Amino acid sequence: MKTWICVVCGWIYDEKQGAPEEGIPPETRWEDVPDDWRCPECGVTKDNFEMMEV
């Protein structure tokens with residue numbers, strides 16, 4: 001499981017936790033998040049996220 005960070009606002013997507021409040025269940029891999037999904041904090045697309053080393 002990986003963690004991804006929005007380079008615009010810093011919102012973090014953790015594959016292990018998912019984003020249930022955004023309709024993405026726990027353990028959803030980043031590549032399985034819909035392409036039209038947007039950051040819940042600033043509204044940018046998945047292209048504006050980078051994998052984060054933890």
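Within the bounds of the stretch 16-23, is there any residue that is surrounded by 14 or more Cβ atoms within 10 Å (Cβ to Cβ), at pLDDT 95 or above and in contact with a helix residue (DSSP H, G or I) (Cβ under 9 Å, 6 or more places away or on another chain)? No, because not a single residue in the stretch 16-23 is surrounded by 14 or more Cβ atoms within 10 Å (Cβ to Cβ), at pLDDT 95 or above and in contact with a helix residue (DSSP H, G or I) (Cβ under 9 Å, 6 or more places away or on another chain). The residue that is farthest from MET1 (Cα to Cα), among those in the stretch 30-52 that are without any contact (Cβ under 8 Å) to a residue 24 or more places away in the chain and loosely packed, with under 14 Cβ neighbours inside 10 Å, is GLY43. The numbered conditions (1) under 11 Å from the mean Cα position of the chain (by Cα); (2) of a type outside the set (Gly, Ala, Ser); (3) part of a loop (DSSP other than H, G, I, E, B) are all true for GLU27 except (1).
The values are calculated or read from the model by the stated rules, or taken from the named source; none is laboratory data. These numbers come from a predicted model, not from an experiment. All Cβ positions, glycine included, derive from the backbone under ideal geometry; neighbour counts span all protein chains shown.
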